[in-house]
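J.: Here it is: the structure, laid out below.
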Amino acid sequence: MINIIADRYAQALFEVGEETQTTSELYQELSELVDILNENKDLYNFLKSPLIGREDKKNVMQNIFKNQLSDSMNNFLKVVIDKDRMSTIEYMKESYKSLLNEKNNILEGTAITAVKLTEKEIKDLEKNLSIKYNKNVTLNNIVDETILGGVLVKLGNEEIDGTVRTRLSKMKNQLSQVIS
């Protein structure tokens, strides 16, 4: 339910960005705002609290962020506060990012490896995956020594498992079938 609500708000903000040709700028503002709220839990809790009046919340936001946010973002935040949806703002950011990636033909993913990849290795992997998926693939490298070697790539709901751990597991299963 939270994601449905967040998706609707993100879609509305994205449409404003499309109309004003500021989709990337609005994402940057939303991302920075979410970072600030995550760093300042007191402010975030204040804005989420049902005990605080909406006008008080809007006044605090206006005082803190005056001249720092675009009119589009200020108006968006007023609606979010008026509808008591501040608790879903992180989900809104994620949903907005998905819309922006779709618009820009970007596919974000994770490359899990036993050792950190070099920049060249990441770029080569991104290039090959970009050709395969016909999208601009960007990868975040995460180190997990338990995979022993190789790489596990996660792109959306898809996984490409080229890890040593998986290969060893498959060999073990094949050997146990032959032995039994």
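The values are calculated or read from the model by the stated rules, or taken from the named source; none is laboratory data. Computed from a predicted structure; not experimentally measured. Don't worry about glycine lacking a Cβ; one is built from the backbone with ideal geometry, like all the others, and counts go over all protein chains shown.
J.: Looking only at the stretch 1-12, filter to residues that are more than 16 Å from the chain's Cα centre (by Cα) and in contact (Cβ under 8 Å) with a residue 40 or more places away in the chain; which one of those is surrounded by the fewest Cβ atoms within 10 Å (Cβ to Cβ)?
T.: Step by step, filter the stretch 1-12, then rank; the result is Ala12.
J.: Let me ask something else. With assigned to a helix (DSSP H, G or I) and exposed (fewer than 13 other Cβ atoms within 10 Å of the Cβ) as the only criterion, which of Glu29, Glu25, Glu15 stands out? Full working, then the answer.
T.: Values: Glu29 fails: exposed (fewer than 13 other Cβ atoms within 10 Å of the Cβ); Glu25 fails: exposed (fewer than 13 other Cβ atoms within 10 Å of the Cβ).
Just a single option satisfies the conditions, and that option is Glu15.
J.: Also, quick follow-up: Can you tell me how many residues in the stretch 95-139 are among the small types (Gly, Ala, Ser) and either under 16 Å from Leu152 (Cα atoms) or in the same structural domain as Leu152 (by TED's automatic domain parsing) (or both)? Talk me through it step by step, then tell me what you get.
T.: So in the stretch 95-139, the residues among the small types (Gly, Ala, Ser) come out as 95, 98, 109, 111, 114, 130.
Now narrow it down to the ones that are either under 16 Å from Leu152 (Cα atoms) or in the same structural domain as Leu152 (by TED's automatic domain parsing) (or both): 109, 111, 114, 130.
Within the stretch 95-139, residues that are among the small types (Gly, Ala, Ser) and either under 16 Å from Leu152 (Cα atoms) or in the same structural domain as Leu152 (by TED's automatic domain parsing) (or both) number 4.
J.: Quick check on the stretch 98-110. Is at least one of its residues in a helix (DSSP H, G or I) and of a type in the set (Lys, Arg)?
T.: Residues of the stretch 98-110 that are in a helix (DSSP H, G or I), as a first pass: 98-103.
This time we only want the ones that are of a type in the set (Lys, Arg), so: 103.
Yes, some residue in the stretch 98-110 is in a helix (DSSP H, G or I) and of a type in the set (Lys, Arg).
For every residue, the table says whether it meets (1) closer than 30 Å to Asn63 by Cα; (2) assigned to a helix (DSSP H, G or I); (3) charged (D, E, K, R).
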| residue | (1), (2), (3) |
| --- | --- |
| Glu121 | no, yes, yes |
| Leu129 | no, yes, no |
| Ile142 | no, no, no |
| Lys170 | no, yes, yes |
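J.: Looking only at the stretch 49-73, which residues are surrounded by 15 or more Cβ atoms within 10 Å (Cβ to Cβ) and either touching a helix residue (DSSP H, G or I) at 6+ places or on another chain (Cβ under 7 Å) or over 30 Å from Thr138 (Cβ atoms) (or both)?
T.: Residues of the stretch 49-73 surrounded by 15 or more Cβ atoms within 10 Å (Cβ to Cβ): 57-58, 60-61, 65, 69-70, 72-73.
Answer for the stretch 49-73, where residues must be surrounded by 15 or more Cβ atoms within 10 Å (Cβ to Cβ) and either touching a helix residue (DSSP H, G or I) at 6+ places or on another chain (Cβ under 7 Å) or over 30 Å from Thr138 (Cβ atoms) (or both): Lys57, Lys58, Val60, Met61, Leu69, Ser70, Ser72, Met73.
J.: Additional query: Quick check on the stretch 65-82. Is at least one of its residues in a helix (DSSP H, G or I), within 22 Å of Glu159 (Cα to Cα) and acidic (Asp, Glu)? Before you say what the answer is, go through the steps one by one.
T.: Within the stretch 65-82, the subset in a helix (DSSP H, G or I) is 65, 71-82.
From what's left, within 22 Å of Glu159 (Cα to Cα): none.
No - not one qualifying residue is present in the stretch 65-82.
J.: Within the stretch 129-156, count every residue that is surrounded by fewer than 17 Cβ atoms within 10 Å (Cβ to Cβ), over 16 Å from Ile106 (Cβ atoms) and of a type outside the set (D, E, K, R).
T.: Residues meeting the conditions: 6.
J.: Let me ask something else about it. Only residues that are touching a residue at least 12 places away in the same chain (Cβ under 8 Å) and of a type in the set (Asp, Glu): list them for the stretch 141-179, please.
T.: Asp144, Glu145
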